[in-house]
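Read through the structure below, which is laid out as structure tokens, and then see the notes.
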Amino acid sequence: MPQNALLESVKRIPGALKIRYDAGELLFQAGAFAAGVYVVEDGLVVRGFYREGNATPAFLAAPGDLVGVEAWMAEPAPRYRGFARSLTPTRVWFVSFQDWAEALACFEFQKLLLDRLARALLNREVLRSLVGEPERALAWLLWHWGEPKSGRLRLPANASLLASLIGCSRNAVGRALEILLQEGAVELESGWVVSFPEALRAYFFEEVATASLRG
């Protein structure tokens, strides 16, 4: 199955709109009417929620991933539960909830969608399972959600963001980053953590490394 089979299928939905966002722009805000679903084509999107009034990143969406699935819910006027913000310059395909409902009538589209959602859920579960080993968690986060550029993967070197995504403290992320730097697995370049994909595999459990979940 092509890595972005769902994305290619979404592009063919009548009425699908391609939208570009600069880094830091909101795709949608918590409480807004859930007008449709967004599928990332290029770049990274942060999905988060509010806790005690503070915006808290929960997970990243990479190319082929979905945000705004609240529009898929069987409610008279669904609302987005949290926010989505572009972490890097981003292109997405927006599909209204009416067009999305029509696309779901196709069994092949259903299979692609469920496969993508299952992969995203499993990858986030793996990340959370590594919370007690932050260097492995950081390697997994970078390997699966890192933005490809010149043969390497990169994420913003923002300790608060990385800690929130992993579910650990900023100090733990700092120590993990130091370990990866000392071992030559990652480098810091102009505010980014960067690495070659193969340099990260040694930090995964064997069964995870052989699963080829990236895609």
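Laboratory data are not the source of any read-out in this text; all were calculated from the coordinates shown. Bear in mind the structure is a predicted one, so any value in this text is a computation, not a measurement.
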Euclidean distance between Cα centres, region 20-65 to region 86-143, Å: 12
Computed lengthening from SER96 to LYS11, 0.36 nm per intervening residue step minus Cα-Cα distance: 29.3 nm
Phi-based couplings in Hz for region 32-44 (Karplus 6.51, -1.76, 1.60; Gly and Pro marked x): 6, 4, 7, 6, x, 9, 10, 10, 6, 9, 8, x, 10
Viscosity 0.890 mPa s, temperature 25 °C, Stokes-Einstein D of the chain from Kirkwood C-alpha radius, µm²/s: 137
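Give the Rg/Rh ratio for region 5-123, taking Rg as the radius of gyration of the Cα atoms and Rh as the Kirkwood radius, to two decimals.
Numbers: Rg = 13.6 Å, Rh = 14.4 Å.
That ratio is 0.94, to two decimals.
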Taking region 131-209 and dividing mean pair separation by its residue count, relative contact order in percent (alpha carbons under 8 Å, at least six apart): 37
Helix-only [θ]222 nm of the chain, DSSP H runs n ≥ 4, -39500 (n - 2.57) each, per residue, nearest 500: -10500 deg cm²/dmol
Whole-angstrom Cα spans of region 61-128 along principal axes, big to small: 32, 25, 22
Cα-based convex hull, region 131-209, per residue volume (Å³, whole number): 82
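Just for region 131-209, what percent of DSSP beta bridges are antiparallel, to the closest 5? Please list the in-between numbers first.
Values: 10 of 10 bridges.
Counting DSSP beta bridges with both partners in region 131-209, the antiparallel share is about 100 percent.
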